[in-house]
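Notes for the one structure printed next.
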Amino acid sequence: MNALTALEQYVARCNSAVWQALVPPRTKQAEVLVALRRYCDAHAMIVGRGRVLVPNHYVVQLPPPTYQQLDHVAQAVCHELSVCLRRHAAQQGYMFAGPVHVDLEDTRAEDEVDLFCVRGRVEPAGDHR
């Protein structure tokens, strides 16, 4: 086995581990992405001929145990989710007002999120908090 194959298998194992931590076993891995894409599609705004604006800042609220499991890999997960959203937007012909950000957030006790919840907003470039 060459080094490139070993690296590819290592990355695949890491990606699988991240998804297993992000999505509880009772759901399918694609549900988080489907929810993000659905939110993107549902909040698309036509701003001109052939110009459709979608939110560029998304927050995925997770239950405390899941959030704690992902705390050490949150940056990689957020990056992967934002890449998937940019790909989806390109396929649909959407545009963003600024860079795409996906953040993971721990739910507060009053929110009581069972699996996950997606929120988003349009945020101009340079306004990321």
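The values are calculated or read from the model by the stated rules, or taken from the named source; none is laboratory data. Values in this document were obtained by computation on a predicted structure and should not be read as measured data. As a convention, Cβ positions derive from the backbone with ideal geometry for all residues, glycine included, and neighbour counts pool all protein chains shown.
Confirm whether R13 is modelled with pLDDT of 85 or more and among the charged types (D, E, K, R).
no
Looking at the range 24-46, which of the residues that are over 12 Å from the mean Cα position of the chain (by Cα) and modelled with pLDDT of 90 or more is surrounded by the most Cβ atoms within 10 Å (Cβ to Cβ)?
A44
For the range 64-79: of the residues being touching a residue at least 40 places away in the same chain (Cβ under 8 Å) and farther than 19 Å from R119 by Cβ, which is nearest to the chain's Cα centre (by Cα)?
In this case the residue turns out to be A76.
In the range 60-104, what residues are in contact with a Ser or Thr (Cβ under 7 Å, 6 or more places away or on another chain), farther than 18 Å from A44 by Cα and among the hydrophobic types (A, V, I, L, M, F, W, C)?
Within the range 60-104, L62 is the sole residue that qualifies.
Residue by residue through the range 52-90, note down the ones that are in a strand (DSSP E or B), under 12 Å from L36 (Cβ atoms) and touching a helix residue (DSSP H, G or I) at 6+ places or on another chain (Cβ under 8 Å).
Residues satisfying the conditions are Y58, V60.
Would you tally the residues in the range 34-51 being among the hydrophobic types (A, V, I, L, M, F, W, C), under 23 Å from P124 (Cα atoms) and part of a helix (DSSP H, G or I)?
Residues in the range 34-51 being among the hydrophobic types (A, V, I, L, M, F, W, C), under 23 Å from P124 (Cα atoms) and part of a helix (DSSP H, G or I): 4 in total.
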